[in-house]
Amino acid sequence: FLGLLEQDLAAAKPDLVRKDMERIGEAADRMALLLDDLLELSRVGRVVNPSALHSVEELVHRALEAVSGRLAERGVVVEVLPGLGNVYGDGPRLVEVFQNLLENAVKYMGEQGNPRIEIGVMPREDGIVYYVADNGIGIEPRYRETIFGLFNKLDPRSEGSGIGLALIQRIVEVHGGQIWVESEGKGKGSVFCLRFPPAPRIGGDDV
Ligand code: ADP
């Protein structure tokens with residue numbers, strides 16, 4: 001665009017010059033965003049807050065508070081199911097995990113007329129699995145793993161830099177957990193699942 005700017009200036013086309021400058025400004029803003037996200041990524045796993053036992057419900061509510069503006073703006077109904085239990089780890093980082101999933105759920109709601117997010121827990125054979133489910137645009141099965149890659153996004157025009165899921169995957173793995181997505185495909189919503197190791201019992205031998 002700098003090249004175009006030069007041409008448009010030489011041709012004395014002020015309207016085009018203004019457009020070129022807008023594009024350059026937008027690109028610079030995106031670059032700044034990308035750098036912020038990269039910085040954030042490099043911090044994960046280094047700055048570690050002391051681990052403690054946290055009520056998952058409380059972590060979720062902190063995350064909901066942080067994204068309350070966007071939820072209200074899109075008219076999203078959020079349901080937090082009871083019985084979420086506890087998780088052992090770095091509180092602020094865990095809030096970040098839920099916050100990121102909530103932000104994505106809103107971002108990728110698509111045209112859905114009754115946007116809904118449900119947060120709950122499902123007992124599975126191999127431990128307790130938390131989930132954040134939305135009824136948005138969904139994810140085709142073949143992209144279930146790629147979306148966790150750095151800078152990977154399914155729609156190049158969407159906002160964001162494709163770093164969020166890579167970032168929270170790292171946070172979850174640092175906690176000895178796993179994250180994956182389940183979706184029946186395009187338009188069928190997405191269910192992001194989180195499995196953490198069982199929280200130690202307070203006062204137990206294993207704390
Ligand atoms: P970003 O949102 O910045 O693009 P993420 O790493 O958070 O980056 O997500 C990667 C991609 O995964 C998104 O660009 C989007 O295509 C897809 N995605 C993430 N969350 C959802 C969701 N809840 N529903 C549908 N697609 C999603």
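The values are calculated or read from the model by the stated rules, or taken from the named source; none is laboratory data. Every value quoted in this text rests on a predicted model; they were computed, and no experiment measured them. FYI the Cβ positions are ideal-geometry reconstructions off the backbone, even for glycines, and counts take in every protein chain you see. The accessibility values were calculated without ligands, DNA or RNA, using every heavy atom of the protein model including side chains. Shrake-Rupley method; radii C 1.70, N 1.55, O 1.52, S 1.80 Å.
Scanning segment 90-107 for residues being of a type outside the set (Lys, Arg), surrounded by fewer than 24 Cβ atoms within 10 Å (Cβ to Cβ) and in contact (Cβ under 8 Å) with a residue 40 or more places away in the chain gives a total of 7. State yes or no: is Gly162 part of a loop (DSSP other than H, G, I, E, B), open to solvent by less than 60 Å² (accessible area, probe 1.4 Å), near the ligand (Cβ under 10 Å from one of its atoms) and in contact with a strand residue (DSSP E or B) (Cβ under 7 Å, 6 or more places away or on another chain)? Criteria not met by Gly162.
Within segment 165-181, the set of residues being within 11 Å of the ligand (Cβ to nearest atom) and more than 15 Å from Ala105 (Cα to Cα) comprises Ala166, Leu167, Gln169. Screening Gln169, Gln178 for residues that are within 30 Å of Tyr88 (Cα to Cα), open to solvent by 10 Å² or more (accessible area, probe 1.4 Å), among the polar types (S, T, N, Q) and at pLDDT 95 or above leaves exactly one candidate, Gln178. Every listed requirement among (1) without any contact (Cβ under 8 Å) to a residue 24 or more places away in the chain; (2) closer than 19 Å to Glu57 by Cα; (3) not aliphatic (A, V, I, L, M) is met by Glu111 save one, (2).
Within segment 138-159, the only residue that satisfies the criterion of being open to solvent by 80 Å² or more (accessible area, probe 1.4 Å) and either closer than 18 Å to Pro92 by Cα or among the aliphatic types (A, V, I, L, M) (or both) is Leu154. With respect to Ile117, is the statement that it is part of a helix (DSSP H, G or I) and within 12 Å of the ligand (Cβ to nearest atom) true? Answer is no for this residue. Go through the residues of segment 142-152 one by one and say whether even a single one is more than 11 Å from the ligand (Cβ to nearest atom) and touching a residue at least 40 places away in the same chain (Cβ under 8 Å). The answer is no; no qualifying residue exists.
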